[in-house]
Amino acid sequence: MVSRCNHGCRILLICFSLCLISFFASLTFSLPAQAASDPITITSQTSTITFPKIIDFQVSARDNSSPIVQASIVLIVEGDNQQQQAVTVSAPATSITLNWSKDTTGDQFEPVGTSITYYWVLRDQIGNMHIGTRQTLSMVDTRFNWQQLSQDNLQIHWYNQPQSFGQDMLQEASKDLTSISANLGGKLRRPINLWIYQNTDDFHSSLPPNTREWVGGIAFPSLSQASLVVESMNSDTINRDMPHEMTHLVFHQLTEKGIYAPIWFDEGLAVYNQVYHEPMMTLSLKQALKSHSLLPLNDLTFQFPADANKAYLAYAQSWNLIDYMYTTFGKQKMAALIQNINTPKSNFNQDLLKALGVDQAHLENQWHLALNQPATLNEATAKPTPLSVQKPQPLLQSDPNTPLLLSLGLLLIVLPSLGIGGLVIYQRRSRAKAALARQAQQVVPFPPSSYYASLQTPYTGPGYHRPAYPPPSQQTSGNASRTPPSGNTWQRPEQRYINRQPDRQVPQE
């Protein structure tokens with residue numbers, strides 16, 4: 001019986017293979033001949049950044065056969081979808097120069113370090129179409145003459161200061177990076193850039209619109225960029241803001257494959273790694289302990305409070321909790337926790353259980369008790385939560401002919417799949433130019449500004465980070481007396497997070 005089945009399957013497989021061979025042969029010989037050589041040539045193309053207002057693009061081209069009548073520019077902005085913008089050819093000719101400008105203000109703001117890839121698409125009067133080579137630019141604050149120094153994966157940028165200032169900054173940043181990497185249990189995997197502004201006015205004029213005025217440093221983990229203010233080597237910001245922002249950049253590189261970490265964990269790590277902590281932060285925590293008014297961790301999962309005093313307390317207690325975790329569980333287990341976060345297969349509670357043996361609810365309860373605060377769990381729920389163990393399922397008895405039948409079935413599935421896969425690859429290569437031609441002929445303009453406005457949701461990804469925690473309203477030094485304005489901060493919508501509710505979330509500082 002088995003031999004008959006095997007013989008029948010062989011015949012079926014042979015027939016199917018012959019059909020595939022016949023199909024590929026007919027397809028190969030029926031393909032149209034390649035088009036003649038492209039008569040359109042791009043002779044030059046440039047881009048000029050005027051930060052933070054505009055980017056000017058220019059292209060010059062000639063056509064050996066007929067006037068160029070249609071043009072468009074395709075932009076691929078880091079974190080956004082591909083966009084194609086029609087460019088008017090006011091005077092069709094065989095030799096033309098075209099200009100187009102991208103507004104980078106308001107909702108179109110592009111942070112320093114953003115990578116933008118672009119190329120031109122041209123079409124002449126008789127239907128010839130030319131696709132230019134891809135060009136890439138990086139957003140730079142062009143208002144200043146930047147100097148730079150680098151060491152390994154760290155690069156420092158500064159202006160209006162001597163070379164010795166940059167060398168000192170690089171030395172301090174390298175020292176911070178060594179300490180941060182030791183605490184987090186991992187090193188940078190890609191280069192990072194630190195942009196050092198000389199004063200708060202220069203710094204704030206480089207930030208996205210509606211950024212809160214108390215911000216003293218900013219990090220864009222998805223861009224591996226951070227900016228801060230350092231007026232001199234005696235500034236407290238060197239020991240506070242610089243290690244704070246660098247911690248976010250290192251942490252997000254170490255956990256980029258994971259889902260998200262709660263904001264209290266991310267921000268707590270950043271404050272923990274600061275060399276300098278202002279006394280007001282400790283005082284804020286002491287006042288909350290005295291009044292038994294610590295903020296619940298569940299309220300600090302996705303964002304910190306908008307109120308300046310509560311936000312300041314959120315930073316203070318997140319720092320204290322992280323310090324408690326390092327003291328209680330040790331640096332090795334904390335490094336294991338961060339390593340566990342770098343996987344999409346588990347949530348934060350599972351990561352905690354695996355690395356520390358406790359979930360967030362029990363961690364919070366233990367921390368409260370260590371601070372002589374009211375318990376957050378009752379006696380029944382305060383018992384440790386053991387890791388769940390799945391019972392083994394009994395094996396089903398199988399027919400002795402099952403392996404043979406499964407093998408034959410897999411062959412019938414795999415062979416057609418391979419054939420179809422090869423066909424798809426072949427067709428993609430042969431039709432790539434034709435597809436781009438159709439795209440060029442049907443130019444899609446930029447979406448209206450209302451489209452981008454609809455995407456300005458609370459921060460849900462590592463593309464934007466608001467560091468330098470808010471000062472409490474009673475603090476009087478520097479700009480601390482100013483109350484931050486209400487409303488959401490600017491955020492670039494990032495495609496990887498659209499239409500997806502995160503299980504964990506990255507920092508909102």
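The values are calculated or read from the model by the stated rules, or taken from the named source; none is laboratory data. This one's a predicted model, so the numbers in the text were calculated from it and none came from an experiment. Cβ placement follows ideal geometry from the backbone for every residue including glycine, while neighbour counts extend to all protein chains displayed. All accessible areas refer to the heavy atoms of the entire protein, side chains included, with ligands and DNA or RNA removed. Shrake-Rupley method; radii C 1.70, N 1.55, O 1.52, S 1.80 Å.
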So with the 1.4 Å probe, I'd like the accessible area per residue for region 188-343, rounded to whole Å².
36 Å²
3J(HN,Hα) from dihedral phi, region 108-121, Karplus parametrisation 6.51/-1.76/1.60, rounded to Hz, x for glycine, proline:
8, 4, 10, x, 4, x, 5, 8, 10, 9, 8, 7, 9, 10
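Do any chymotrypsin sites (Phe, Trp or Tyr not before Pro) in region 217-311 lie in a DSSP loop with no more than 15 other beta carbon atoms within 10 Å, and if so, which?
Working: sites: PHE251, TYR260, TRP264, PHE265, TYR272, TYR276, PHE302; in loops: TYR260, TYR276, PHE302.
Sites meeting the loop and neighbour criteria: TYR276.
Please identify the trypsin sites (Lys or Arg not before Pro) of region 95-158 that satisfy two criteria: DSSP loop assignment and at most 11 other Cβ atoms within 10 Å. Which are they? Walk me through the numbers before you get to the answer.
Numbers: sites: LYS102, ARG123, ARG134, ARG143; in loops: ARG134, ARG143.
When the trypsin sites (Lys or Arg not before Pro) of region 95-158 are filtered for loop state and at most 11 Cβ neighbours within 10 Å, ARG134 remain.
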Got a sec to turn the phi values of region 63-69 into Karplus ³J(HN,Hα) couplings, 6.51 cos²θ - 1.76 cosθ + 1.60 with θ = phi - 60°, whole Hz, x for Gly and Pro?
10, 7, 10, 7, x, 7, 10
Computed over region 195-308, Cα set: Rg, Dmax in Å:
15.3, 41
Evaluate Rg over Rh across region 62-146, taking Cα atoms for both radii and Kirkwood's formula for Rh.
1.06
What does the charge count near GLY185 come to, summing +1 for each Lys or Arg and -1 for each Asp or Glu among other residues with Cβ under 14 Å from its Cβ?
+3
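Pop out the carbon and sulfur fraction of the accessible area of region 175-250 as a percent, whole number, probe 1.4 Å. If you can, show how the numbers build up before the last one.
Working: 1090 of 2550 Å².
About 43 percent, which is the carbon plus sulfur part of the accessible surface.
Please report the net charge: other residues with Cβ closer than 14 Å to the Cβ of PHE51, K and R +1, D and E -1.
-2
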Determine the share of region 276-348's accessible area contributed by carbon and sulfur atoms, expressed in whole percent, with a 1.4 angstrom probe.
54 percent
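What FRET efficiency would be calculated for the residue pair TYR276, ASP202, taking the C-beta separation as r and a Förster radius of 30 Å, to the nearest 0.05? If you can, show how the numbers build up before the last one.
Numbers: r = 22 Å, r/R0 = 0.74.
Computed FRET efficiency for TYR276 and ASP202: 0.85.
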Amide H of GLY113 versus every other amide H placed in the peptide plane: which residues, excluding those fewer than 5 positions away on the same chain, fall under 5 Å?
MET139, VAL140
